[in-house]
Structure formats: C-alpha cells, structure tokens
1. Out of curiosity, is residue 122 exposed (fewer than 14 other Cβ atoms within 10 Å of the Cβ), assigned by TED's automatic domain parsing to the domain that holds residue 45 and not acidic (Asp, Glu)?
2. If you go through region 65-77, how many residues are touching a strand residue (DSSP E or B) at 6+ places or on another chain (Cβ under 9 Å) and not in a loop (DSSP other than H, G, I, E, B)?
3. Residues that are at pLDDT below 90: which strands (runs of 3 or more DSSP E) entirely in region 18-64 hold 3 or more of them?
4. Report yes if residue 104 is under 30 Å from residue 166 (Cβ atoms) and modelled with pLDDT of 90 or more, otherwise no.
5. Being touching a residue at least 60 places away in the same chain (Cβ under 8 Å) and of a type in the set (D, E, K, R) is the filter here, so list the residues in region 178-219 that pass it.
6. Tell me, which residue of region 31-67 that is free of Cβ contacts under 8 Å to residues at least 40 places away in the same chain, of a type outside the set (Lys, Arg) and over 15 Å from residue 93 (Cα atoms) is surrounded by the fewest Cβ atoms within 10 Å (Cβ to Cβ)?
7. Considering only region 146-163, I want to know if a residue exists there that is exposed (fewer than 15 other Cβ atoms within 10 Å of the Cβ) and in contact with a Gly (Cβ under 9 Å, 6 or more places away or on another chain).
8. Which residues, taken from region 137-174, are of a type in the set (Gly, Ala, Ser), part of a helix (DSSP H, G or I) and touching a strand residue (DSSP E or B) at 6+ places or on another chain (Cβ under 7 Å)?
Amino acid sequence: MGFWSKLRGELIDIIEWTDDSSDIMMWRFERKGNEIKNGAQLTVRESQVAVFVNEGKIADVFPSGRYELVTNNLPILSTLKGWKYGFNSPFKAEVYFLNTKRFTNRKWGTPNIFYIRDADFGRVSLRAFGTYTIKINDPVKFIQEVAGTSGDFTTDEMKGELRSMIVTRFIDAIGESKLPLLDMAQNYKDISKFCQTKLSGEFNEYGLEINKFLISSISLPETLQAKLDEGTGMNMLGDMNKYTQMKSADSMESAAKNPGMGGGMENMMGMAMMQQMMNQNKNVNQYQNQQAVNVPPPPPPTSKYYISLNGQQAGPFDMNTLQQKVAQGQLTKQTHVWKQGMPAWKTAGEVPEIANLFGAMPPPPPM
C-alpha cells in the first residue's frame, strides 16, 4: 500500500450512525484516533442530532440532514481552532449522535408500599404501576448533565433515577388530591396529567421531555385486597334470603313448564319449595320480632336549665345538679332559670319542675 493510499485510509470522510437499536439514547462515532478531513460528509438521519465536541467543549450541533464539513458549516469549531481564513487540513473532534425519537412504554412502579389516610378505611397501604414516554429535547444539556462523554448511553442507565423522581411526585399527587380510595380508579386521567405537569420541569433539567405519563393501577397489597373482598361479600349477605326465594320461584316455574315431569311430582316439588320459603320467612320474622322485643325503649329526655348566678349565665344543669345547688344555697326560688322552649327567663319558684326541689317550707316557730 502506497503512502497516499494509507493516508486516505486514516482520514475519515463519511460520518453517520445507522441506528437499529431501541434503547440507545446517545452513541459516540468511533474515530479510533483518525482525523476528519476537510469536506467530509456528515449524514444525520431523521430523529437524530449530531454534536461535535472539541477538547471537552461543545462545538457544533447538526440536526437531521446531509452536510459537507467545511468552515461555513463549523463556525464554532473553526473559531475554537483559530482558522480565521478557513481550513484545508484535517481536524480532530469527537462526534456524538443523539437519538431524539420517543422512547415509549417505559415502566415505573412503587418499589415498596406507601400509606395514605382514607376516610372510609383509615390508614391504607397502596402500590402503583404505570408507563411513561420520554425524548431528548435539548441535546447539549443532555450531554452536559447526564451522558457526559461515554461511548454510548442507554435508557437503562438513568431508569432508576427517573423512577425515583416519578414515584416521589406521584405520592405527592395522591396526598394532595385527598381522593377516597374507592374513587381513585375513575380519576387516573386527572392524576396522570397532574403528575406529568409536575415532572416536566425536573425532566427538562436533564435535557429530556416527558411526553406521556400513565397510571396502570393503584392497588392494595394482596392480603388487604382479600380482606376488602371478604367484607364486601359479607355486606351482600343481607339480601341472601331474597336471592334464595327468587331462585326457588324460578325453579318452580321451570319445573311447571317441563313436560317430562308428572303433574303429581310438579305439585309435590312446588309445595315443598313453598313450604321452605314460608318457613324461612317465618323464622326471619320471629327473629326480627324477638330482637324488637329485647330492645329497651329509649330513656326519657332529661331537662337541663340555665341559671343566673351573680348576673352571669351558667349551665345547662340537669335536675341532679340543680338539687345540689339548692342544698348549697346557690339556687333559690328567686333565682332566674331558663331552658330550651321557654319564651323568657322565670324565677325558679315559678317553674313547677324546679319548685319541687325546694320541698315544703316549715312555718315560722311559735313565739
């Protein structure tokens, strides 16, 4: 191989990335120490961006298209190199291709249960799962803040950090919404939209855009879900007698329409079912009546009065307390009293219910 053939082999004149992966976000063009010659061809495909880095500094950014690398197309790199009048010699620069397509169906979920306080069930533990979609919207910021100068960068490398951000904002959203547990399923759309709005600013700091955020499920742990289902089943048992009666009536109707059964058999089955239904109703009625008899009547309402003590309203006091105040001399027949329903204050002696507390007054002793 001649000298010039060897030299041409060391100079790169075609720069491109034929991406066939589904998870690579950034890929570094492999130069292997070779130089890029003046006039080299750069091909940036749709959903790609090419970024040139010179000595650790971001130089030029190329969106999708086909370019001939000359001074006019590399203004920043030309300035960094000091080529005031153009360059004819090869140059060295790192070239990074960034994938700007949408990365869909990214999974998120709460790694552990979290707790909320629900009005119906008290302190409840929950788990949640869903998906989200992201894309690179600022290639320069993504390189500076996330990828650095690694050879390639995949979605898995930042999956953990993004999931932590999502779970934190999701739990905050659930707490702020104060939605009852049984109403959450019908509000997935609103909760998802709220979370996406909250996450947008944080994702932008990494040069990313969150295009979609979805909640797949918010669920109880299996043990708690089983208890909730059991409680729901117990609530349904209140109508079990009606359900049994309805099924028995349907069976009798079917038997009556079945020509394969004799009339005597039909009557016997019908009578047996009717008797069973009557016995059930009788037992239920007896139980309900017995429960009604065993329940004591409510106690009579007690009267409570306010009294005027030294120009100040006190109370209300029940009759036992008023009796004590009579004995202490704090309540006399001239003391004004009032209770709910009285049009105005009256002296205690004018209210028969309180006047009885004073008892019979003895006559004055003989002289």
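The values are calculated or read from the model by the stated rules, or taken from the named source; none is laboratory data. Remember, it's a predicted structure, so these values are computed and weren't measured experimentally. For neighbour counting, all protein chains shown are included, and Cβ atoms are generated from backbone atoms with ideal geometry for every residue, glycine included.
1. Details: exposed (fewer than 14 other Cβ atoms within 10 Å of the Cβ): yes; assigned by TED's automatic domain parsing to the domain that holds residue 45: no; not acidic (Asp, Glu): yes.
Against the criterion (exposed (fewer than 14 other Cβ atoms within 10 Å of the Cβ), assigned by TED's automatic domain parsing to the domain that holds residue 45 and not acidic (Asp, Glu)), residue 122 does not qualify.
2. Residues in region 65-77 being touching a strand residue (DSSP E or B) at 6+ places or on another chain (Cβ under 9 Å) and not in a loop (DSSP other than H, G, I, E, B): 9 in total.
3. Working: elements: 24-28, 35-44, 48-54, 57-62.
Strands (runs of 3 or more DSSP E) meeting the threshold: 35-44, 57-62.
4. For residue 104, the condition - under 30 Å from residue 166 (Cβ atoms) and modelled with pLDDT of 90 or more - is met.
5. Scanning region 178-219 gives 205, 209, 212.
6. For region 31-67, the residue satisfying everything is 46.
7. Yes, because at least one residue in region 146-163 is exposed (fewer than 15 other Cβ atoms within 10 Å of the Cβ) and in contact with a Gly (Cβ under 9 Å, 6 or more places away or on another chain).
8. Going through region 137-174, the residues of a type in the set (Gly, Ala, Ser) turn out to be 147-148, 150-151, 160, 164, 173.
Checking the rest, the ones that are also part of a helix (DSSP H, G or I) come to 147, 160, 164, 173.
Once the filter is applied, which keeps residues that are of a type in the set (Gly, Ala, Ser), part of a helix (DSSP H, G or I) and touching a strand residue (DSSP E or B) at 6+ places or on another chain (Cβ under 7 Å), region 137-174 yields only 147.
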